[in-house]
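**Q** Following this message is one structure expressed as structure tokens.
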Amino acid sequence: MARNLHVVMLPWSAFGHLIPSFQLSLELAKAGVKVSFISTPANIPRLPQVPSNLSTLIDLVAFPLPKLDNEQRLPEGAEATVDNPFEKIQYLKIAYDLLQHPVKQFISDKRPDWIFADGIPYWVVEIAQEHQIPLISLSVFSASVLAFFGNPKSLTSDGQKRTRSSPESLTSPPECFDFSSSLAYPRFLATGIHEGFYGQNASGISDAERFAKIIQASKAFAIRTCTEHEAQYLNNLEKTTGKPVIPIGLLLPERPEGIRTTDKSWTEIFEWLDVQKPKSVVFVGKPDWALSELDFLPSGFTERTHGRGVVCIGWAPQLEILGHPSIGGSLFHAGWGSIMETLQFGHCLVLLPFVVDQPLNARLLVDRGLAVEIERSEDGSFSRDGISKALKLAMVSEEGESLRIRAREAAEVFGNRDVQNRYFNCFVDYLKKNGSAK
């Protein structure tokens, strides 16, 4: 047990960062590590409940998000990216950066052994250095995505101008890869990705510059992955950064035993799943930008598919669904968390990526023979025929049998808790041996 170890967790105010950081906090607490998890009053209540047996080891610290003036003002209670329209995210970063003042005081008072930060709170570097507390760069993305962007020589200044000067530079693998890779963005997504990562915004600092400062100051990287899936990319990242790159395992949630939800509508849906043939149903995850059925589905879709499928808008017990024997595949956006959840059950993956890391994740999985990506036109559009073709290949066609075999084989790694726990235990050992000397 690591009873004397204390870490501060400082995630960016996006639930794609908050939830993985919270999951890591739970695992650290199970290992006896005390965690101070810092966020804001509107975000912390939206996290899962801390189990009662871990409540003394996880301190959820809510610092009020500073208010901005005039045109930069955020909607009331809009303290995460999901609460704000895209054009307001840059103002959320301004408000988030102002948290450095209470965070600095908190760290000065508590003197933790480690600070964990993802790619946004660059200002914690100065705080960590002032108090001589080592910093861990915690990635919510896969090692392959981090390696694609994480070469310090290509993030800022002349190096960025030479290697990442335009959107076209993202449409081929980076020159620092010393192995064969097809990791790259399609042209129809490259412009938005390039502008979002390297471009300036109202906060006065690009995401690439934020990331570079944290990389340069970190003692090590911690990545939710394993060498069985990403060995080449882990090795490459360690080579280009000159820092330890630690795969911490997949941090798999406990598999549900039976159906835990008591909601009547979901009870009826599971009864429907119970009468379907094994491996015959596809789980379709709603894109994050689809706020309602009207955003996502054609008019009358629910009625036309009645009996052949079930539509639910809103929260869904995803793990229970994926663990049901009638599920054989999943169609989703290729987010790293959903990939891990799905492959642990050995399901086929049908991918329709849109933003950030999703296109790179999809490319890697297709190359590994673990997924089918829905065909897109040059402008990024896709058709019902393209979706149908991908689903048939993944689920029923003879041509897709090798894909289904590889997916089942992947479950032996992605679903193997003994393997994943060994990675995490090694990570805890590293923390105990290399924390700050108080």
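**Q** Can you find a residue that is in a helix (DSSP H, G or I) and under 17 Å from HIS17 (Cβ atoms) anywhere in the stretch 125-135?
**A** Restricting attention to the stretch 125-135, the residues satisfying the condition of being in a helix (DSSP H, G or I) are 125-130.
Filter once more, so that each one left must be under 17 Å from HIS17 (Cβ atoms): none.
Among the residues of the stretch 125-135, not one is in a helix (DSSP H, G or I) and under 17 Å from HIS17 (Cβ atoms), which makes the answer no.
**Q** Cβ-Cβ below 9 Å, separation at least six or inter-chain, first residue in the stretch 103-119 and modelled with pLDDT under 95, second surrounded by 15 or more Cβ atoms within 10 Å (Cβ to Cβ) and among the basic types (Lys, Arg): which pairs?
**A** Close Cβ pairs satisfying both conditions: GLY119/ARG210.
**Q** I want to confirm something. Restricting to the stretch 167-204 and keeping residues that are in a loop (DSSP other than H, G, I, E, B), closer than 25 Å to GLN90 by Cβ and out of contact with any helix residue (DSSP H, G or I) (no Cβ under 7 Å at 6 or more places or on another chain), which single residue is most open to solvent (accessible area, probe 1.4 Å)?
**A** Out of the qualifying residues, it is GLN200.
**Q** Also: Output the qualifying pairs, or none if there are none: Cβ atoms under 6 angstrom, residues six or more apart or on different chains, first residue in the stretch 71-97 and closer than 10 Å to SER203 by Cα, second residue hydroxyl-bearing (Ser, Thr, Tyr) and open to solvent by 20 Å² or more (accessible area, probe 1.4 Å).
**A** The qualifying pairs are ILE89/THR81; GLN90/SER203; LYS93/SER203; ILE94/SER203.
**Q** I need the full set of residues from the stretch 367-391 which are farther than 21 Å from PHE188 by Cα, modelled with pLDDT under 95 and open to solvent by 50 Å² or more (accessible area, probe 1.4 Å), in order please.
**A** ARG368, the sole residue that qualifies.
**Q** Only one of these conditions is not met by GLU76: (1) of a type outside the set (Gly, Ala, Ser); (2) crowded, with 18+ Cβ neighbours inside 10 Å; (3) modelled with pLDDT under 95. Which number is it?
**A** (2)
**Q** Is it fair to say SER144 is of a type in the set (S, T, N, Q), open to solvent by 20 Å² or more (accessible area, probe 1.4 Å) and either farther than 30 Å from GLU87 by Cβ or in contact (Cβ under 8 Å) with a residue 60 or more places away in the chain (or both)? Let's see the steps before the verdict.
**A** On the way: of a type in the set (S, T, N, Q): yes; open to solvent by 20 Å² or more (accessible area, probe 1.4 Å): no; either farther than 30 Å from GLU87 by Cβ or in contact (Cβ under 8 Å) with a residue 60 or more places away in the chain (or both): yes.
So SER144 fails the test.
**Q** Please tell me if ASP59 is in a helix (DSSP H, G or I) and open to solvent by 10 Å² or more (accessible area, probe 1.4 Å).
**A** Values: in a helix (DSSP H, G or I): no; open to solvent by 10 Å² or more (accessible area, probe 1.4 Å): yes.
Criteria not met by ASP59.
**Q** Of the conditions (1) touching a residue at least 60 places away in the same chain (Cβ under 8 Å); (2) closer than 22 Å to ILE136 by Cα; (3) open to solvent by 20 Å² or more (accessible area, probe 1.4 Å); (4) assigned to a helix (DSSP H, G or I), LEU237 satisfies every one except a single condition; which number is it?
**A** LEU237 satisfies all of (1) touching a residue at least 60 places away in the same chain (Cβ under 8 Å); (2) closer than 22 Å to ILE136 by Cα; (3) open to solvent by 20 Å² or more (accessible area, probe 1.4 Å); (4) assigned to a helix (DSSP H, G or I) except (3).
**Q** Could you list, in sequence order, the residues of the stretch 62-111 that are of a type in the set (Gly, Ala, Ser) and not in a loop (DSSP other than H, G, I, E, B)? Explain how you work it out, then say what you get.
**A** Our first condition is that a residue be of a type in the set (Gly, Ala, Ser); within the stretch 62-111, this holds for 62, 77-78, 80, 95, 108.
If the condition is that a residue be of a type in the set (Gly, Ala, Ser) and not in a loop (DSSP other than H, G, I, E, B), then ALA62, ALA95, SER108 are the ones that fit.
**Q** Next question, about the same structure. For the stretch 308-330, does any single residue satisfy the condition of being surrounded by 20 or more Cβ atoms within 10 Å (Cβ to Cβ), among the β-branched types (Val, Ile, Thr) and at pLDDT 95 or above?
**A** Checked the stretch 308-330: no residue is surrounded by 20 or more Cβ atoms within 10 Å (Cβ to Cβ), among the β-branched types (Val, Ile, Thr) and at pLDDT 95 or above.
The values are calculated or read from the model by the stated rules, or taken from the named source; none is laboratory data. Remember, predicted model here, so these are calculated numbers, not experimental data. Here Cβ is always computed from backbone atoms with ideal geometry, including for glycine, and neighbour counts include all displayed protein chains. Remember, those area values only see protein heavy atoms, side chains included, never the ligands or the DNA or RNA. Shrake-Rupley method; radii C 1.70, N 1.55, O 1.52, S 1.80 Å.
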